[in-house]
Structure formats: C-alpha cells, structure tokens
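Beneath this line is the structure, given in structure tokens, with notes to follow.
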Amino acid sequence: MNYPQQPWGQQNYQQPNQYPQNQGQAGWGWGPAAAPQAIETGAERLAFLRKVYALFAASVVVSGIGALIALNFGATSAAVMYHGVPIPPLVHFFGTSPIISIIVMFGVVFGASALRRVQVVNVLALFGMALILGLVFAPNLFIAQLAASTGSTVSANPVRDAFILASLMFGGLTGYVVISKRDFSYIGGFLSMGFFVIFGAALLNIFLGSQVLSLAIASVGLILFGGYVLYDTSRILKSEDRDAVGGALTLYLDFLNIFLFILRLLGSRR
C-alpha cells in the first residue's frame, strides 16, 4: 500500500539560516503537526481494507452462484445416473475430467492475476474466475451431499458445515492479523514448500485414488492454508502496493482451499 510519506524540509523559511519551530518534532513529521497526516493515512488504509474484503466476500458469493448453476442446470433431464440420482451435465463433465479441470483452474487463476492491475477489467476477471471455479468445484459439493444422503458421513450436511467452519477459521485468522498487526512474512518459504508437496501428492492421488492419502492431504492442507491466511493478510497490511483486487484474489483462494479441505474431511465416511 502506498502510504503517503511526510516530506522533509517543506517549511517556508523566512531567512536562509532560520530553522523551523519544533524542528525535533513537527519539522520532521513525527510531532503534533504530523497528526493530521497520520489520521489521513489510517483512514486511507481502512478504506483499502474495506475494499479488499468487500471484493473477497463478493467473490465467494459469485462462486456460490457458479456452483448452484452447475448443480441445477440440466439436472432434471440429465442422461447420466448414479444410484438412481441424475448427475447434472456440468457436474459430470468436470467430475470425470480432472486434467481439464486442473487446466481450467490454473488458467482462470493466472488470467485473473495477470489482469489485476487493469482498471475495471480486473474486477470482471476476479468475478469471472470465481464463477468458473464455482463450476469446476461443483462436483465436490455434489459428491459430499450425495454421500451424506446415505447417512454415512461425518456431517449430516457437509457443505453447510464446511462453509460455517471455513468462515470461522478464516475470519479468526485474518482478524487476528488485522488486530495484532503481527508480521507473518517469515513463514512464506515454509508455505511455498508445503504447497508443492501437497500439490504433488494431490496429483499422485488422482491416479492412486487412495482414501487415506486423500484425508491426509486434506488435514495437512487445512493447516497449510491456515498459514497462508496469516501470511497473505500480513502481506496485504504491510505492502505499499494498494492492489485491492490482488489482495481479494489471494484471500479468496485461501478461503476456497480451506472450505474444500474441510468439506473433504466432513464428507468422509465415519
């Protein structure tokens, strides 16, 4: 975020060798005369944070709309059935095409990230990404609710409970950083290593189909993206770059992964 800097030596000297009054305080930007600037900076930062979290919340809503579209579009006339339950076309397509889903997922994420500084287009790209990811991950919701209908899952309503728990976890972690103002930039390297390990294990499990490995990935991934919430929130607060769309995008991805990992745990069999 671009915090305004208090300029040095902008007083109007009446004589060439005359120093400004209160040189040790207001003259250098940290005394009483600097108070209006501090108030302005605080207001600007608060407005920036509001914009970031508003865009983040809107992205979550748009993703929910995308998932609802995938779960309901063509459901009544679906040609594919699973134990007597019709599978909506989009759910069937993304659920049976993991490679395509991964390509689409990374494509929209990288695309939205590349456009995050282009005015107007950046917001549309953010919401477009959220909508498409809602479509891509709709099969996860469908499978979890289908398993819950048999009464054999950890939660009777895994989608609802996963969203509640993810909201509480995300809100608690990001709120802690905002209130405490602690710097978590030092954990960035560990998070990067953990991400590649989790991503590699997830790719491997596409071919193995191991339930045990899947639950292990979800458990470790939940901790990993909890750390990412701390790291990304701290980075947004400390950065001089006021990139609201970029900040909302990273927080959205953190929340999405937390939700999906919790959903995997709650949707598992008892």
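The values are calculated or read from the model by the stated rules, or taken from the named source; none is laboratory data. Note that the structure is predicted; figures quoted are calculated from it, not measured. Quick reminder, even Gly has a Cβ in these numbers, built from the backbone with ideal geometry, and neighbours come from all protein chains shown.
Does Arg116 satisfy the condition of being charged (D, E, K, R) and touching a residue at least 60 places away in the same chain (Cβ under 8 Å)? So Arg116 passes the test. Quickly run through the stretch 191-236 and pick out the residues that are at pLDDT 90 or above and either among the acidic types (Asp, Glu) or not in a helix (DSSP H, G or I) (or both). Asp232 - this is the single residue of the stretch 191-236 that is at pLDDT 90 or above and either among the acidic types (Asp, Glu) or not in a helix (DSSP H, G or I) (or both). Scanning the stretch 185-202 for residues that are aromatic (Phe, Trp, Tyr), farther than 16 Å from Ile258 by Cβ and touching a residue at least 24 places away in the same chain (Cβ under 8 Å) gives a single hit, Phe190. When Thr41 is tested against (1) more than 23 Å from Ile143 (Cβ to Cβ); (2) at pLDDT below 90; (3) of a type outside the set (A, V, I, L, M); (4) loosely packed, with under 15 Cβ neighbours inside 10 Å, exactly one condition is not met: (4). For the stretch 165-188, the count of residues that are among the acidic types (Asp, Glu) and closer than 30 Å to Arg45 by Cα is at least one.
Wholly within the stretch 58-162, which helices (runs of 4 or more DSSP H) include no fewer than the required count, namely at least 1 residues that are within 22 Å of the chain's Cα centre (by Cα) and farther than 25 Å from Phe199 by Cα? Spell out how you get there, then give the answer.
Details: elements: 89-95, 98-114, 121-136, 138-148.
Counting at least 1 such residues, we get 121-136.
Residues are listed down the side, and each one gets a yes or a no for (1) modelled with pLDDT of 95 or more; (2) basic (Lys, Arg); (3) surrounded by 20 or more Cβ atoms within 10 Å (Cβ to Cβ); (4) closer than 17 Å to Ile262 by Cβ:
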site	(1), (2), (3), (4)
Pro139	no, no, yes, yes
Ala144	no, no, yes, yes
Ala147	no, no, no, yes
Pro158	no, no, yes, yes
Ser167	yes, no, no, yes
Phe170	yes, no, yes, yes
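Ser239 passes every criterion in (1) farther than 25 Å from Gly107 by Cβ; (2) under 18 Å from the mean Cα position of the chain (by Cα); (3) at pLDDT 90 or above apart from (3).
For the stretch 193-242, filtering for residues that are surrounded by fewer than 18 Cβ atoms within 10 Å (Cβ to Cβ) and either in contact with a Gly (Cβ under 6 Å, 6 or more places away or on another chain) or acidic (Asp, Glu) (or both) leaves 2.
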